[in-house]
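Below you'll find the structure I mean.
The values are calculated or read from the model by the stated rules, or taken from the named source; none is laboratory data. Keep in mind the model is a prediction, meaning the values are calculated, not measured. As a convention, Cβ positions derive from the backbone with ideal geometry for all residues, glycine included, and neighbour counts pool all protein chains shown. SASA here: full protein model, heavy atoms, side chains in, ligands and nucleic acids out. Shrake-Rupley method; radii C 1.70, N 1.55, O 1.52, S 1.80 Å.
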Amino acid sequence: MIVWRSERPGIDVDYLFGQVGIERRYIDWSGNCGNLTSAVGPFAIDVGIVKAVEPRTTVRMYNVNTGKRVDAIVPVKDGMTLYEGDYMIDGVPNPGSRIDLVWYDPGGSHIGKLLPTGNPLDRIEIGGKIYEISIVDAANPAVFVRAKDLGLTGTETPGEIDSETLAKLEAIRSKAAELMGLVERAEEATTKSPHFPFIAIIGKKRDYRTVNGKMIREEQYTVLARLFSMQKMHHAYPVTGSICTAAASKIPGTIVNQLSEDRGDTVIIGHPKGIIDLKVRIRPSGENVHIDSVTIGRTARRLMMGIAYYID
């Protein structure tokens, strides 16, 4: 994350996310990262870009990658971020103070439209079989497919997904990337657009056990999902993927909407490590809905500080 004082009216800081390549010298500037976004507000406070106002300071942030505003509501004490707290996130081993992230108007982060194809449901052919999919672009784009159409339940853990299923999911994801215009041909998606869209399988609600053996009852959550990134199942559920899934649950006709329980503005995703909850504010927009904002709780922890030198 590259952070600087903003010159935009009503914004405190601008920030730019770069996904650094591991196997090749490459930085992907096309998207945003939800978990790292949670650290931008505390950083801006601690280095003096934003003045701390107890007990909570709202840092108004603009993500340059997607052109979207995100507010971070950060607990502070004695002029600095208060990191210690008792807020726990399933999939994160230690507690911290709760930082609320409010993502305003998250739709169209990549393509400019909440529904990139204009449809809540599309049909594609993969290996001679027709699959129904929903492509949604909110915070980051994702394609959703029913777990049962892949012979799955949606309660699977990362170790229970075989190579054949991963290949099928990548074929579906690649076709979705073509449909939404991220690549010209589906065959190019794995190399030219490996990160986006995410792909998620949505299952029918049921009781299940997490990878740690904890029982999650179906009444504890509203939608059962497993998300895949870079051809692997995420061990929990990423922030931007959570926002996109929550948004999709409020769009009539999508696969997520069909398999979700409606609890008003509350969406709770059941994932391999437990649950994650969000608040979604919507309003009517013609025959569809407009996603005004999605709020999610996070934690952050300061690990180090220093100076890095580079040669241009």
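Checking the condition among the acidic types (D, E) and modelled with pLDDT under 95, which residue from E188, E170 passes?
None of the other options fit; the residue is E188.
At least 2 residues that are farther than 22 Å from A139 by Cα in each: list the strands (runs of 3 or more DSSP E) lying fully within the stretch 1-106 that qualify.
56-63, 68-77
Now, a different point. Check G108 against each of (1) free of Cβ contacts under 8 Å to residues at least 60 places away in the same chain; (2) within 26 Å of V280 (Cα to Cα); (3) more than 16 Å from the chain's Cα centre (by Cα) and name the one condition it does not meet.
Condition not satisfied by G108: (3).
Just for strands (runs of 3 or more DSSP E) wholly inside the stretch 248-312: which have at least 3 residues that are farther than 16 Å from Y237 by Cα?
Answer list for the stretch 248-312: 274-285, 288-298.
Right, another one. Looking at the stretch 5-25, which of the residues that are surrounded by 10 or more Cβ atoms within 10 Å (Cβ to Cβ) and without any contact (Cβ under 8 Å) to a residue 40 or more places away in the chain is farthest from M61 (Cα to Cα)? Reasoning before the result, please.
Within the stretch 5-25, the subset surrounded by 10 or more Cβ atoms within 10 Å (Cβ to Cβ) is 5-6, 8, 11-19, 21.
Among the residues that remain, those that are also without any contact (Cβ under 8 Å) to a residue 40 or more places away in the chain are: 18, 21.
Details: G18: 16, G21: 25 Å.
Among residues in the stretch 5-25 that are surrounded by 10 or more Cβ atoms within 10 Å (Cβ to Cβ) and without any contact (Cβ under 8 Å) to a residue 40 or more places away in the chain, the one farthest from M61 (Cα to Cα) is G21.
Moving to a separate point now. Report those strands (runs of 3 or more DSSP E) wholly inside the stretch 114-212 carrying at least 1 residues which are hydroxyl-bearing (S, T, Y) and either within 18 Å of I255 (Cα to Cα) or without any contact (Cβ under 8 Å) to a residue 12 or more places away in the chain (or both).
Correct list: 129-138.
Here's something else I'd like to know. Does any residue of the stretch 215-228 turn out to be closer than 30 Å to I45 by Cα and either modelled with pLDDT of 95 or more or open to solvent by 10 Å² or more (accessible area, probe 1.4 Å) (or both)?
Applying the first criterion (closer than 30 Å to I45 by Cα) to the stretch 215-228 yields none.
Checking the stretch 215-228: not a single residue is closer than 30 Å to I45 by Cα and either modelled with pLDDT of 95 or more or open to solvent by 10 Å² or more (accessible area, probe 1.4 Å) (or both).
Can I ask one more? Within the stretch 10-25, can you find the residues that are within 19 Å of R69 (Cα to Cα) and of a type outside the set (A, V, I, L, M)?
G10, D12, D14, Y15, F17, G18
So which residues in the stretch 229-248 are open to solvent by 10 Å² or more (accessible area, probe 1.4 Å) and of a type in the set (S, T, N, Q), if there are any at all?
Result: S229, Q231.
Let me ask something additional. Is it the case that some residue within the stretch 153-171 is hydrophobic (A, V, I, L, M, F, W, C) and in contact with a Ser or Thr (Cβ under 9 Å, 6 or more places away or on another chain)?
Looking through the stretch 153-171, none of the residues is hydrophobic (A, V, I, L, M, F, W, C) and in contact with a Ser or Thr (Cβ under 9 Å, 6 or more places away or on another chain).
Return the residues of the stretch 262-302 that are β-branched (V, I, T), without any contact (Cβ under 8 Å) to a residue 40 or more places away in the chain and open to solvent by less than 60 Å² (accessible area, probe 1.4 Å); say none if nothing qualifies. Before the answer, list the steps.
Kept after step one, since they are β-branched (V, I, T), are these residues of the stretch 262-302: 266-269, 275-276, 280, 282, 289, 291, 294-296, 299.
Then keep just the ones that are without any contact (Cβ under 8 Å) to a residue 40 or more places away in the chain; that gives 280, 282, 289.
Across the stretch 262-302, the qualifying residues are V280, V289.
How many of the residues in the stretch 213-234 are among the acidic types (D, E), in contact (Cβ under 8 Å) with a residue 12 or more places away in the chain and over 22 Å from T254 (Cβ atoms)?
Counting residues in the stretch 213-234 that are among the acidic types (D, E), in contact (Cβ under 8 Å) with a residue 12 or more places away in the chain and over 22 Å from T254 (Cβ atoms) gives 0.
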